[in-house]
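Chemist: First the structure, which I've put down as C-alpha cells, then a few questions once you've had a look.
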Amino acid sequence: MISKLSDLVEMANEQPDPQRLLFLFAEVSSESKKNKSQQKGTITPVMCVDKLPSDINAFDDLVKEADEIAKNWDFMFIASLSGDKGEPPTSEDAEPYLTKMTNDVMSGQNIARYVVFDRKHNPVELVAS
C-alpha cells in the first residue's frame, strides 16, 4: 500500500510514459459505529482536479489549494493516467477519467483501484458494501 503522496508522485515519475495524476475530493457521511475501523457510510464527490506530478510539491500544499475551493472534503481519491509517445495526457484527456472516478465513487464500484488519503495524509482502505 502506498503510504504517502510523495510515494505516488515518485512512482508516476518512474513510469516509461509521462503521467497525469487525477484527484477526486469527497465528503464522507458515516453511520455511528463502535468499531471505527469498520465504519459504514456514504461518500459524495465534492470536486476533481488533474495535475502533472511536477505540479505537486507537498501534501499540505495540495490540501491548502483544495481548501481554497471547498473545505467540505474528507478523502482524496487519486489515480494516474499514462501519456503516449513521451507526452503527458492533457487536462482534456483526463476529463472522461475524472468523470469515471466520480461515477465509481458515487456508486461504490471499483473504488479499490484508487489510492485514498484522509485530510491528515493517512492512507485509507475502503470497501464497497
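Yes or no, residue by residue, for (1) at pLDDT 95 or above; (2) within 20 Å of residue 20 (Cβ to Cβ); (3) in a helix (DSSP H, G or I):
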{"site": "67", "(1), (2), (3)": "yes, no, yes"}
{"site": "79", "(1), (2), (3)": "yes, yes, no"}
{"site": "89", "(1), (2), (3)": "yes, yes, no"}
{"site": "93", "(1), (2), (3)": "yes, yes, yes"}
{"site": "127", "(1), (2), (3)": "no, no, no"}
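Chemist: Can you name the residue in region 77-100 that is acidic (Asp, Glu) and over 15 Å from the mean Cα position of the chain (by Cα) and is also surrounded by the most Cβ atoms within 10 Å (Cβ to Cβ) among such residues?
Modeler: It comes out as 93.
Chemist: Which of the numbered conditions does residue 42 fail, given that it passes all the others? Conditions: (1) assigned to a helix (DSSP H, G or I); (2) farther than 22 Å from residue 9 by Cβ.
Modeler: (1)
Chemist: Among the listed residues 91, 82, identify the single one that is over 20 Å from residue 11 (Cβ atoms) and of a type in the set (Gly, Ala, Ser).
Modeler: Working: 82 fails: over 20 Å from residue 11 (Cβ atoms).
It is 91.
Chemist: If I filter region 101-120 down to residues being in a loop (DSSP other than H, G, I, E, B) and out of contact with any Ser or Thr (no Cβ under 9 Å at 6 or more places or on another chain), which single residue comes out as surrounded by the most Cβ atoms within 10 Å (Cβ to Cβ)?
Modeler: Per the stated criteria, the residue is 114.
Chemist: Specify which of the listed residues (103, 122, 57) is within 13 Å of the chain's Cα centre (by Cα) and not aliphatic (A, V, I, L, M). It would help to see each step written out before you state the result.
Modeler: Values: 103 fails: within 13 Å of the chain's Cα centre (by Cα); 57 fails: within 13 Å of the chain's Cα centre (by Cα).
Every option except 122 fails the conditions.
Chemist: Now for a different question. Out of 55, 67, 74, report the one residue that is free of Cβ contacts under 8 Å to residues at least 24 places away in the same chain and over 23 Å from residue 11 (Cα atoms).
Modeler: After ruling out the rest, the residue left standing is 67.
Chemist: Say we look at region 69-85 and pick out the residues that are among the charged types (D, E, K, R) and out of contact with any strand residue (DSSP E or B) (no Cβ under 6 Å at 6 or more places or on another chain); which of these is farthest from residue 126 (Cα to Cα)?
Modeler: If we take residues in region 69-85 being among the charged types (D, E, K, R) and out of contact with any strand residue (DSSP E or B) (no Cβ under 6 Å at 6 or more places or on another chain), then 85 is farthest from residue 126 (Cα to Cα).
The values are calculated or read from the model by the stated rules, or taken from the named source; none is laboratory data. In this text the structure is predicted, and so the values were computed from the model without any measurement. Using ideal geometry, Cβ is built from the backbone for each residue, glycine included, and neighbour counts are taken over all protein chains shown.
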